[in-house]
Structure formats: structure tokens, C-alpha cells
1. Which one of Ala15, Leu82, Gln72 is farthest out on the positive end of the charge dipole of the chain, using unit charges on Cβ (Lys, Arg +1; Asp, Glu -1) and the Cα centre as origin?
2. With each label point set 7 Å from Cα along the Cα-Cβ vector, what nm distance links Leu32 and Arg112?
3. Give me the number: length gained by fully extending Ala88 to Met43, i.e. 0.36 nm times residue separation minus the C-alpha to C-alpha distance, one decimal in nm.
4. Rounding to the nearest 20 debye, state how big the charge dipole of the chain is about its Cα centre with +1 on each Lys and Arg Cβ and -1 on each Asp and Glu Cβ.
5. Can you compute the FRET efficiency between Asp96 and Glu69 using 1/(1 + (r/R0)^6), with r the Cβ-Cβ distance and R0 = 41 Å? Round to the nearest 0.05.
6. Over the Cα atoms of the range 78-146, what radius of gyration and what Dmax do you get, in Å?
7. Please tell me the relative contact order of the chain in percent, rounded to the nearest whole number, where contacts are Cα pairs under 8 Å and at least six residues apart.
8. Taking all pairs of different Cα atoms in the chain, averaging 1/r and flipping that mean, what Kirkwood radius in angstroms comes out?
Amino acid sequence: MDPLRVRDVREWTQAVGSDADYLDYLSQQVELGEWVAFSRVFMPRFVEVEGCVLWDRVYEPGNFRTWQERLQGDATSIEAMLNRFPLALYIDIPEDPDSEAAAHALVEEIARSWDRCLHAAFPDRSFQVVASETEDGPLVSFTTVR
């Protein structure tokens, strides 16, 4: 993914000139808290609950029980329902080809990172991590391969 394909980054680096790049852009636009928050998007933590591996951000005991009952304890279906990161819910993605391509490339990068993190956290398991396009925009999701 080339950050210079994203309008904001491209316009900023062009305005600054010289050898400015994506890291210079970030150093001027993003504070420490944002850097740390971004790191958790790319390197999430996971919890294991009753045979399900879940993104820690989506695990809430009451909600888990609700889905466990609705899905009759099917661990794969529970994971598929809960382990979803719809990018457009958190990022306003402009409706132009470059922005849409950048958003898709971003979910692919997040998916690759999540795959590595899942395998590091659960080395004896296999996972299916998917970056997909949905009617609601780009989405990252994962399930355990059983």
C-alpha cells in the first residue's frame, strides 16, 4: 500500500516538498496517543472464551452469551459474528477511486497483521483471516479453522 496514493498524505507531502514522505506526514499530524491506538489496530489482543478466539475489543460477556444462545454454541459462527472490523464504521472513506482503493489496501494490511498476531498468540491453531468488500465497505474478519 502506497500512502502517497491517499489524497491527504499526497497533498501534504507535495506542499512540504523536499524529501517529505508518509513518516514525515505522521510525525506532523499524529500525536503519541494516536500512534499507540493505531498500534492496537494492527497488533490486537485476543481472548479465548469457551473454545472461541475473539478480538478482545469485541468480547463482552453478556453479548457473548446472547450470540452463544442464538447460534446454539457453534463456535465458528460465534467468531464469524463477533470478530468483525468494519473500517467504514471508524473511518470516513471519501467516495473516490483512490480513497476506496486505499481503504481496501488498508484492510488487507490489517488482515495480514491480524493473521500474524493470531498465529503468534495461538501457534497450535489455524485461522482464516479475511479482508473483504461488503455493501458497508471494507471489512476484516477472522475465524478459527476447525
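The values are calculated or read from the model by the stated rules, or taken from the named source; none is laboratory data. Keep in mind that this is a model prediction, so the values were computed, not measured. FYI the Cβ positions are ideal-geometry reconstructions off the backbone, even for glycines, and counts take in every protein chain you see. Accessible surface is based on the protein model in full, side chains and every heavy atom, while ligands, DNA and RNA are left aside. Shrake-Rupley method; radii C 1.70, N 1.55, O 1.52, S 1.80 Å.
1. Result: Gln72.
2. With each label point 7 Å from Cα toward Cβ, the separation is 3.0 nm.
3. Values: separation 45, 0.36 × 45 = 16.20 nm, distance 1.92 nm.
Net length gain for the segment: 14.3 nm.
4. Charge dipole of the chain: 660 debye, to the nearest 20.
5. Result of the calculation: an efficiency of 0.45.
6. When restricted to Cα atoms, the range 78-146 yields Rg and Dmax of 12.9, 42 Å.
7. 24 percent
8. Numbers: mean 1/r = 0.0591 Å⁻¹.
For the chain, the Kirkwood estimate is 16.9 Å.
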